[in-house]
Amino acid sequence: DAKTTQPPSMDCAEGRAANLPCNHSTISGNEYVYWYRQIHSQGPQYIIHGLKNNETNEMASLIITEDRKSSTLILPHATLRDTAVYYCIVNRGSQGNLIFGKGTKLSVKP
Amino acid sequence: NAGVTQTPKFQVLKTGQSMTLQCAQDMNHNSMYWYRQDPGMGLRLIYYSASEGTTDKGEVPNGYNVSRLNKREFSLRLESAAPSQTSVYFCASTEGQGVGAGELFFGEGSRLTVL
């Protein structure tokens, strides 16, 4: 069961902010929202996670709506190196492991 | 700081051959994981080890065995490789104990082809 919905692909101009949406309408009260990305065929890379409050780190900002049914990952000044598949994760398998879906393929264009 | 190191990076096997994928982390993490990634399938958990000396099955354990040799190393063995095991394998680790920890550190992957 997919607990998150992300657009399959997005484009962004280099230097502009990239805003990646994620819907998670069935999220439960104690589930965190995690974001990872995977550049080309490299291993996934952790970006950020949050529960209720907005979060910011050196890579990105995470905005979670008040009802927690959706969130947005913001890359403030996208570069070509930010071209990757971005995964929004709230779902866990039967062993409690994070489940990586298909994500959003972000293409940053010059 | 190397992080999570996987060997080999590429391997071609014939059906029925055996091999072991090696994984080592230098971050003193408790938990380690093996995932496989197939086109259009996302990452699927094969096995995990919540702490040294323990291992547990993930979502797709059939055809694999694992060994948590010590806190640093977690190996994945294919006893009799099959074409369905052609995939990219990722090892990951995290500081937390247990499979539920969220901030995973991944290796660069091992690309396995079974003919």
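Only the coordinates and a few stated rules stand behind these numbers; no lab work does. Just so it is clear, the structure is predicted and the values come from calculations on it, not from any experiment. Backbone-built Cβ (ideal geometry, glycine too); neighbour counts: all protein chains shown.
Figures for the structure shown
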| item | result |
| --- | --- |
| Estimated dipole of chain B in Debye, rounded to 20 [Cβ of Lys and Arg +1, of Asp and Glu -1, Cα centre] | 340 |
| For chain B, the fraction of alpha-carbon pairs in successive 10 Å shells from zero, as % | 15, 51, 29, 5 |
| Cys residues of the protein assembly as shown counted as unpaired, since no other Cys beta-carbon is under 4.7 Å | A:Cys12 |
| Overall form of the range A:19-105 per C-alpha gyration tensor (a/c, 1.5; a/b vs b/c) | oblate |
| Hydrodynamic radius by Kirkwood, which averages 1/r over all alpha carbon pairs of the protein assembly as shown, in angstrom | 18.1 |
| Separation of alpha-carbon centers, the range A:1-80 and the range B:8-29, rounded to whole Å | 31 |
| Subset of A:Lys102/B:Lys57; A:Lys105/B:Lys9; A:Lys3/B:Lys14; B:Lys9/B:Lys71; A:Lys52/A:Lys109 violating a 30 Å alpha-carbon distance limit | A:Lys3/B:Lys14; A:Lys52/A:Lys109 |
| Square roots of 5 times each gyration tensor eigenvalue, C-alpha, the range A:4-58, largest first, Å | 21, 14, 14 |
| Mean separation of Cα contacts under 8 Å, 6 or more apart, over the residue count of chain B: relative contact order % | 36 |
